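These notes concern the structure reproduced below.
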Amino acid sequence: MSAYIPVIGLEVHAELLTKSKVFCTCSAEFGGGKNSRCCPVCSGMPGTLPVINQTAVEYAVKAGFAMGCDINKFSVFDRKNYFYPDLPKAYQISQLNLPLCINGVVPIEYEEDGVKKTKNIRINRIHLEEDAGKLIHDDLNGVSLADYNRCGVPLIEIVTEPDMSSAAEAKAFVEKVSLLLQYAGVCDCKMEQGSIRADVNVSIMKPTDTEFGTRTEMKNLNSIKAIGRAIDFEIYRQGKLLDMGKKVVQETRRFDDNRGETKAMRSKENAHDYRYFPEPDILQVNFTDEQLDAIKNSLPELPAQRIMRYTNEYGLSENDAKILVANKILSDFFDAAVKAYNNPKSICNFINGELMRRINLGERTRENRAFTAEQLAKLVEMADTEKVSKNDAKDIFREMSDKGGDPEVIAKDKGLLISNDLGKVAEVIEKVLAENEKAVAQYKGGDMKVFGFIMGQCTKALKGVCTPKVIKEELEKKLKS
């Protein structure tokens, strides 16, 4: 294959976390019995009139602010006409020429060929529209069924400029957008439920070309891994065609996850193919400066702000802060733990160390925990104040993680609470020295290395009674007397 430059643009679709759908009062919650969350409006019955969900509009604007967009004070809706079984009205209410948000920038960080890189990805637009239904294909009986529960759920489409040139950049962008939407509180970004998915546009060009090549679009990729694999295959496929002297056809393609390849679905439509025209049943959306300021000021703390708080106020390293902030659930858990025990560094070390180790091993997920943030904070405080040893704290955490429970109760049940009973310490040291007279004689004769052996015997006998520090101090006093 000759050298080609990939040109990649994304259309990220994210369902908004409103209670009801965008143009009717049906529940927008995921799931439910098939076609149980439908009404005449979202199922496209004649004579029905849509009424816009104000919260959906505000959430779309919040997403725009989170991605550095300009917000149009005047915005209108359009009808996008196409015939498909998942769209009962045979048109989708969307936005074309006057979307809510335009001209944003999302900075990304990614690693490629072992090198860490940064890049700014431009956002062309973010517009609000209604989601389509879901088709369920029954290959055994040769039929396809339509579930319209999702039809009418508020959806934002985030359209990038063709600024990406690799699968690594595209994956980093989707991950960053997902993080921003979660922190903004407008989308849960559960890819497995389809609440965020991406259409990927790919073309390739030679370094000497002055125009982009013919692009193809891959629809509804719903995992980060699938996005990367689909892009890599499509770059390879298009390059192979051009090397053979053939042309790339503009078309919509489907990614086969099992085979790791894309397949043609239909010719790619252009905007005029959808016969857009202004939506006659919905008034334009107008914003005042005061309204936009109020929405902007209502934004929660975003990832960059949270990293700054962790590094400036808590004294965490930038790397530790980024690990915490990379998952909102984990970051919120950390904040709750710090509220219970004000030692951010100790709590961060335990979360990024012991908790992340168990998550990386697949023993736990960030969402699935048997213990609370307050219980973890209590365990870290017990280790910091030497109520339990650092090693025993890990054992206690293992039981908390598997079965739940209060760390202090677990420590008592396992005999791991440290009492620092000096009387008991003196008694045990006396006994250990009596049982190891030869080692004691070696030490007093100048063999300092044998101290580790004697210390080990004392520590083993005094586990749960005293800290190693106190044992060492008392043993040194006894040996010198």
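The values are calculated or read from the model by the stated rules, or taken from the named source; none is laboratory data. Predicted, not measured: the structure shown is a model, and the values here were computed from it. Every residue, glycine among them, receives a Cβ derived from its backbone with ideal geometry; neighbour counts consider all protein chains shown.
How many of the residues making up the range 452-481 are in a helix (DSSP H, G or I), under 53 Å from the mean Cα position of the chain (by Cα) and within 22 Å of I418 (Cβ to Cβ)? Qualifying residue count for the region: 18. For beta carbons closer than 7 Å, sequence separation of 6+ or different chains, a first residue in the range 189-202 that is under 19 Å from R253 (Cβ atoms) and outside the structural domain of A326 (by TED's automatic domain parsing) and a second that is assigned to a strand (DSSP E or B) and of a type in the set (K, R), the qualifying pairs are D199/K219.
Taken together, the residues in the range 372-399 that are more than 18 Å from N343 (Cβ to Cβ) and surrounded by 19 or more Cβ atoms within 10 Å (Cβ to Cβ) amount to 1.
Is it true that F371 is among the hydrophobic types (A, V, I, L, M, F, W, C) and either farther than 30 Å from N327 by Cα or part of a helix (DSSP H, G or I) (or both)? Criteria not met by F371.
Matching residues to (1) farther than 30 Å from V51 by Cα; (2) free of Cβ contacts under 8 Å to residues at least 60 places away in the same chain; (3) among the charged types (D, E, K, R); (4) not assigned by TED's automatic domain parsing to the domain that holds S166:
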| residue | (1), (2), (3), (4) |
| --- | --- |
| G239 | yes, no, no, no |
| M244 | yes, yes, no, no |
| V248 | yes, yes, no, no |
| D256 | yes, yes, yes, no |
| G260 | yes, yes, no, no |
| R266 | yes, yes, yes, no |
| E279 | no, no, yes, no |
| V285 | no, no, no, no |
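Among residues of the range 289-317 that are among the hydrophobic types (A, V, I, L, M, F, W, C), those with a Cβ under 7 angstrom from a residue that is surrounded by 13 or more Cβ atoms within 10 Å (Cβ to Cβ) and not in a helix (DSSP H, G or I), sequence gap 6+ or separate chain, pair up as L292/I71. Being closer than 30 Å to K296 by Cβ and surrounded by fewer than 20 Cβ atoms within 10 Å (Cβ to Cβ) is the requirement here; does Q250 meet it? So Q250 fails the test.
A quick yes/no check of all residues on (1) assigned to a loop (DSSP other than H, G, I, E, B); (2) polar (S, T, N, Q); (3) touching a helix residue (DSSP H, G or I) at 6+ places or on another chain (Cβ under 6 Å):
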residue: V7; (1), (2), (3): no, no, no
residue: G32; (1), (2), (3): yes, no, no
residue: S36; (1), (2), (3): yes, yes, no
residue: C42; (1), (2), (3): yes, no, no
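Each residue in the range 191-222 was checked for being in contact with a strand residue (DSSP E or B) (Cβ under 9 Å, 6 or more places away or on another chain) and of a type in the set (S, T, Y), and 4 of them qualify. The number of residues in the range 247-267 that are more than 31 Å from the chain's Cα centre (by Cα) and outside any strand (DSSP E or B) comes to 4.
Which one is surrounded by the most Cβ atoms within 10 Å (Cβ to Cβ), of the residues in the range 68-98 that are closer than 18 Å to P278 by Cβ and of a type in the set (F, W, Y)? Filtering the range 68-98 for residues that are closer than 18 Å to P278 by Cβ and of a type in the set (F, W, Y), the one surrounded by the most Cβ atoms within 10 Å (Cβ to Cβ) comes out as F77. Across the range 176-196, which residue is nearest to I121 (Cα to Cα) among those that are small (G, A, S) and buried (at least 18 other Cβ atoms within 10 Å of the Cβ)? Filtering first and then ranking leaves S178. The lone criterion from (1) under 25 Å from L283 (Cα atoms); (2) of a type in the set (A, V, I, L, M, F, W, C); (3) touching a residue at least 12 places away in the same chain (Cβ under 8 Å) left unmet by I121 is number (1).
Answer yes if at least one residue in the range 176-184 is within 27 Å of D332 (Cα to Cα), within 14 Å of the chain's Cα centre (by Cα) and among the aromatic types (F, W, Y), and no otherwise. Yes, there is a match, as at least one residue in the range 176-184 is within 27 Å of D332 (Cα to Cα), within 14 Å of the chain's Cα centre (by Cα) and among the aromatic types (F, W, Y). Could you list, in sequence order, all residues of the range 425-459 that are under 26 Å from M382 (Cα atoms) and in contact with a helix residue (DSSP H, G or I) (Cβ under 9 Å, 6 or more places away or on another chain)? Passing the criteria: V425, A426, V428, I429, M455, Q457, C458, T459. Taken as a whole, the condition of being at pLDDT 95 or above and not assigned by TED's automatic domain parsing to the domain that holds S178 applies to D332.
The sole residue among F30, F23 that is of a type outside the set (A, V, I, L, M), surrounded by fewer than 19 Cβ atoms within 10 Å (Cβ to Cβ) and either under 30 Å from A167 (Cα atoms) or modelled with pLDDT of 95 or more (or both) is F30. Restricting the search to strands (runs of 3 or more DSSP E) fully inside the range 99-175 and requiring at least 2 residues that are at pLDDT 95 or above, surrounded by 20 or more Cβ atoms within 10 Å (Cβ to Cβ) and in the same structural domain as I282 (by TED's automatic domain parsing) gives 101-112, 115-130, 154-160. Scanning the range 133-169 for residues that are farther than 19 Å from N220 by Cβ and among the hydrophobic types (A, V, I, L, M, F, W, C) turns up L140, V143, A168. One residue alone among T262, T311, T288 is among the β-branched types (V, I, T) and exposed (fewer than 12 other Cβ atoms within 10 Å of the Cβ), and that residue is T288.
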